[in-house]
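Data block below; observations after.
Bear in mind these aren't lab numbers, they're just calculated from the coordinates by the rules spelled out. Please read all numbers here as calculations on a predicted model, not as lab measurements. Methodologically, a virtual Cβ is constructed for each residue, glycine included, from the backbone with ideal geometry; neighbour enumeration extends over all protein chains shown.
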Amino acid sequence: MNSNQTNNQKKPKPKLQLNVNVVDVQPESTHSSNGWKQQTDIFFNEPIDQFVQFQHNGKTVADVAQLKCGRRYQEDRFVGIPNLNINQEMQFFYAIYDGHAGHSVSAILENKLHEYLQKDCNFEDNLEKAIINSFERMNQYILDCQEENHHLGGSTALCVINKHKDLYVVNLGDSACVLITEELQIEKLNSEHKLNREDEFKRVEQIATILDRHSIPRINGELAVTRAFGDKKHRQSGLIAIPEIKVHKIQANDKYLILASDGFWDLIKNEELQKLIENWNRKEIDQLAQYLLDKASSKNTNYKKDNMTLIVIDIQSYWK
């Protein structure tokens with residue numbers, strides 16, 4: 001073959017290959033050793049749709065589903081720890097972190113918040129105090145990272161942790177947790193931190209500029225929640241990272257706990273949720289979260305659906 005023939009042949013296009021391990025979808029890969037990693041479009045244009053089950057003593061105790069939906073990035077993160085105390089009395093921890101203006105804060109929370117909680121000196125004897133302390137220290141760590149790295153953004157947090165049969169529902173932001181009984185009665189276990197809540201509005205109105213955007217009141221015209229981790233630029237406008245904690249005594253007829261980020265609740269109200277659970281004809285909860293998110297994501301809307309993350313916890317599987 002002569003040189004002219006060689007030059008006339010089309011050279012094959014080089015293949016672009018991006019090697020991503022499974023861990024890259026999970027928190028360890030989303031920030032560097034100093035607690036932060038620059039976001040990249042290559043990473044976030046990859047859909048992060050997950051369906052996961054958590055098991056304890058051979059039984060599925062929690063079912064998780066996560067959809068990116070119409071958003072460009074997946075900013076939600078979640079944690080499922082069926083038992084924090086290995087070989088000791090059972091104590092679970094589940095959480096949803098709904099990031100905004102990036103994934104950085106929600107990823108840090110996914111890695112570190114439960115560790116901060118466990119390491120607090122009050123963890124064994126005064127769980128509520130340990131929760132308050134760990135949120136304060138966690139937020140300061142995030143703000144220090146933002147100062148050092150000149151990053152913005154923040155994250156809400158919704159966590160449930162038990163101590164014996166006392167269920168601590170810990171909320172910061174606008175995700176929501178509901179309890180479903182065997183009789184399919186639904187009880188909401190937290191109240192969202194938004195400006196349509198009178199006490200939250202009064203708390204921030206004197207020090208924040210409140211402007212509507214897309215018909216939603218927002219701090220400085222940007223932030224729709226009144227409590228969150230991070231968001232350094234809004235800290236002088238009434239934004240706080242102090243969670244509200246509700247303690248629920250687990251009853252024999254309590255069946256499911258459902259935690260979901262606000263993208264799910266934008267589409268599914270309690271009445272419809274009740275019907276969907278009633279139509280679920282399986283005793284096991286495997287794929288129940290996916291079933292619920294599929295119903296939500298299939299709804300027609302005139303807006304791009306938000307990220308959705310949903311955790312279904314089978315309470316009875318822990319004690320029966």
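Brief remarks follow.
- Across region 131-156, the qualifying residues are those that are among the hydrophobic types (A, V, I, L, M, F, W, C) and touching a helix residue (DSSP H, G or I) at 6+ places or on another chain (Cβ under 6 Å), and the one among them that is surrounded by the fewest Cβ atoms within 10 Å (Cβ to Cβ) is Leu143.
- Flag: Asn196 matches the condition of being of a type in the set (S, T, N, Q) and more than 30 Å from Glu284 (Cα to Cα).
- Out of Asp212, Asp254, sole residue that is within 17 Å of Val169 (Cβ to Cβ) and among the acidic types (Asp, Glu): Asp254
- Residue within region 230-252 that is surrounded by 16 or more Cβ atoms within 10 Å (Cβ to Cβ) and closer than 22 Å to Gln66 by Cα present: no
Here is a yes/no grid of residues against (1) touching a residue at least 24 places away in the same chain (Cβ under 8 Å); (2) assigned to a loop (DSSP other than H, G, I, E, B); (3) within 19 Å of Tyr97 (Cα to Cα); (4) under 23 Å from the mean Cα position of the chain (by Cα):
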site: Leu211; (1), (2), (3), (4): no, no, no, no
site: Lys233; (1), (2), (3), (4): yes, no, no, yes
site: Val247; (1), (2), (3), (4): yes, no, no, yes
site: Ile258; (1), (2), (3), (4): yes, no, yes, yes
site: Ile285; (1), (2), (3), (4): yes, yes, no, yes
site: Lys299; (1), (2), (3), (4): yes, yes, no, yes
site: Asp306; (1), (2), (3), (4): yes, yes, yes, yes
site: Thr309; (1), (2), (3), (4): yes, no, yes, yes
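- Here is the figure for region 213-225: residues that are outside any strand (DSSP E or B) and either under 9 Å from Ser237 (Cα atoms) or not hydroxyl-bearing (Ser, Thr, Tyr) (or both) total 5.
- In summary, Lys269 fulfils each of the numbered conditions (1) in contact (Cβ under 8 Å) with a residue 12 or more places away in the chain; (2) within 24 Å of Leu167 (Cβ to Cβ); (3) surrounded by fewer than 21 Cβ atoms within 10 Å (Cβ to Cβ) with the single exception of condition (1).
- All positions within region 175-206 that are assigned to a loop (DSSP other than H, G, I, E, B), touching a residue at least 40 places away in the same chain (Cβ under 8 Å) and under 24 Å from the mean Cα position of the chain (by Cα): Ser175, Leu189, Asn190, Ser191, Glu192, His193
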